[in-house]
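Below you'll find the structure, written out as structure tokens, and then a few comments.
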Amino acid sequence: MSEPEETAGGTRRLPVLEKDTGPGAPGEAPGPRLDGEGGRARRFWSARRVPAGVVALLLLVVAGAFLYDVAAVRAGRTAPAWRRELARQLAARPLDDIWVLVGAGVAAALGLWLLVLAVTPGLRKLLPMRRTHPDVRAGLHRSAAATVLRDRAMEVSGVQSVRVRTRRSKARVRAVAHFRELDEVRADLDAVLDDAVRGLGLARPPAVSVRVTRPGRKG
């Protein structure tokens, strides 16, 4: 803040508050840290309505059947044949029986599958993008990213066809060049695709692997 100065007319000029607009200015709170800015980009979580609906429906059917059977027996009716047969089988079969082991294995696999679904985000085909606003998240489908990379690769001189396969951390590009030297085409593809990947705005840009071959002989 500058000191007040005396003017020629006898009036005093008011002090001026000088604001430092550079980075790290004192008294200025740092902005929120967004995904992809020095940290790990969080993936989108899937709602998984289909697995949850199937499990809920199965539990409802099984619980309803057992509840109806218990209420019927309490009311004086005879237990149904399936319940008597199930009780007899469970009492007669040893624990090392093949069907008991198979049933236990299926139940354990189903439980493990449900646990994996519960602790993993899912939506593997949706790539998180860099956040420019703390309240907005965006994602790019892997097929859309592959289409952009393929279109940019087709602009390179000498490229006849391109096939792109995009994963979360790597993009495999297979190009066919019908003229020009393969090393020159590969160098141009590396430069063009690196620029294209940066232009996608992904929080974790995938590494690009380029392979250039000649077209196969006909006949």
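The values are calculated or read from the model by the stated rules, or taken from the named source; none is laboratory data. If you're wondering where the values come from, they're calculated on a predicted model, not measured in any experiment. Accessible surface areas use protein heavy atoms only, side chains included; no ligands, DNA or RNA. Shrake-Rupley method; radii C 1.70, N 1.55, O 1.52, S 1.80 Å.
Structural remarks
- Extension gain, Arg124 back to Ile98 (0.36 nm per residue minus Cα-Cα distance, nm): 5.6 nm
- Extension gain (nm, one decimal) between Ala207 and Glu85, 0.36 nm per residue minus Cα-Cα: 37.9 nm
- Descending principal axes extents, the stretch 54-167, alpha-carbon based, whole Å: 83, 39, 20
- Taking all Cα pairs closer than 8 Å and separated by 6 or more residues, the relative contact order of the stretch 90-219 comes to 21 percent.
- Whole-percent carbon and sulfur share, accessible surface of the stretch 90-183, 1.4 Å: 62 percent
- For Ser161, the residues 5 or more places off, or on other chains, whose built amide H falls under 5 Å of its own are Val176.
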